[in-house]
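These notes concern the structure reproduced below.
Since every read-out is calculated from the coordinates, none of them should be taken as a lab result. Just so it is clear, the model here is predicted, and its values are computed rather than measured. For neighbour counting, all protein chains shown are included, and Cβ atoms are generated from backbone atoms with ideal geometry for every residue, glycine included.
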Amino acid sequence: MFVLMVRDEWRHLRRNRLLKVVLALLVCLMPVTLVASGTLASRLVPVAVIMLVYLSALTMGAMIATSLIADVQQGIPVLYAVRPIPRTSFPLARAAGQASALLAATGLGLAGLFLVNEGVVKAPLAWGPILRGLVLLRVPGVLLAVACGTLIGVASRGLAAGIAGFLVLANLLAILMPILSERLVRWTGCPAARADGVQAGLTALVAVLLLAGALRTYARRSI
């Protein structure tokens, strides 16, 4: 049943013009940044790719928050409460569906970037650092943004307050994660080369805790 709910979210994405624009821009702008960077492609493209995914994750998280707030206000969760499924499946499916769509768009953008580079530009890109930065930093960052959006979406009572709360929480955590991971590396004595891995693990852990808090809040909320 949960898989069917995630598929429903994918169908919802196809009907949402704004979400389609965000995902399409993510896919298309990665190759565009390669062409626009010219001789500086090896330096600018990795930064541009990471920033594109970061901004897309923030946008997606904000959309999750606003859509959950609107759905709760309209009483849509009642339709799920009367079914023989866990009540928390509703926000969890929303988060899983949109996060998977964003990660799929990121993969398509990378594929387009690779094909354009190999076939046209032929810039000396270091794919190792690009993929490492995405896997260790941006993928956990996507999960964190989605978790923030889910938490704010089920906890907030108003749309304006929800958007403001999401932006504050998501950006604050994005700033804190590198700081906390650096201090954790120093405290544990881990090699500096493992700092990205520590940050990825810490970010994923915080995302899981936020999502658990969101599900607990939603389970206790009257609908």
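Run the numbers for residue 159 and residue 39: contour at 0.36 nm per residue of separation, minus the present Cα-Cα distance, in nm.
38.7 nm
How far is it, in nm, from the label point at residue 100 to the one at residue 122 when both lie 7 Å from their Cα along the line to the Cβ?
Here the modelled spin labels are 4.0 nm apart.
Which order do the peptides 140-150, 45-55 come out in when sorted by mean C-beta neighbours inside 10 angstrom, highest first? It would help to have the intermediate numbers written out before the result.
Numbers: 140-150: 27.5, 45-55: 18.5.
The most tightly packed comes first, giving 140-150, 45-55.
Given that just one value was derived from the coordinates, which of (i) 8, 31, 32, 21, 8, 1; (ii) 8, 35, 37, 18, 3, 0; (iii) 6, 19, 25, 27, 17, 5, 1 is P(r) over Cα pairs in 10 Å bins from 0, in percent?
(i)
In a GNM of the chain with a 10 Å cut-off on Cα contacts, which of 57, 36, 195 has the highest mean-square fluctuation?
36
Highest mean first, how do 205-216, 116-127 rank when packing is the count of other Cβ atoms within 10 Å averaged over residues?
Sorting 205-216, 116-127 by mean packing, highest first, produces 205-216, 116-127.
Magnitude of the Cβ-charge dipole of region 59-161, K/R +1 and D/E -1, about the Cα centre, nearest 20 debye?
Around 160 debye, computed over region 59-161.
Using Cα springs under 10 Å in a Gaussian network model of the chain, which residue among 130, 64, 179 shows the largest mean-square fluctuation?
Of the options given, 179 has the highest mean-square fluctuation.
Where does helix 195-220 land angle-wise versus the long Cα axis of the chain, in degrees 0 to 90, nearest 10?
Once rounded, one gets 10 degrees.
Could you work out how far helix 41-74 tilts from the main Cα principal axis of the chain, as a 0 to 90 degree angle to the nearest 10?
Value to nearest ten degrees: 10.
Can you compute the charge dipole magnitude of the chain about its Cα centre, using +1 on each Lys and Arg Cβ and -1 on each Asp and Glu Cβ, nothing else charged? Give it in debye, rounded to the nearest 20.
400 debye
So what's the projected area for region 100-223, the Cα convex hull averaged over all directions, in nm²? Provide the component values of the computation, followed by the final result.
Details: hull surface 39.7 nm².
Mean projected area for region 100-223: 9.9 nm², to one decimal.
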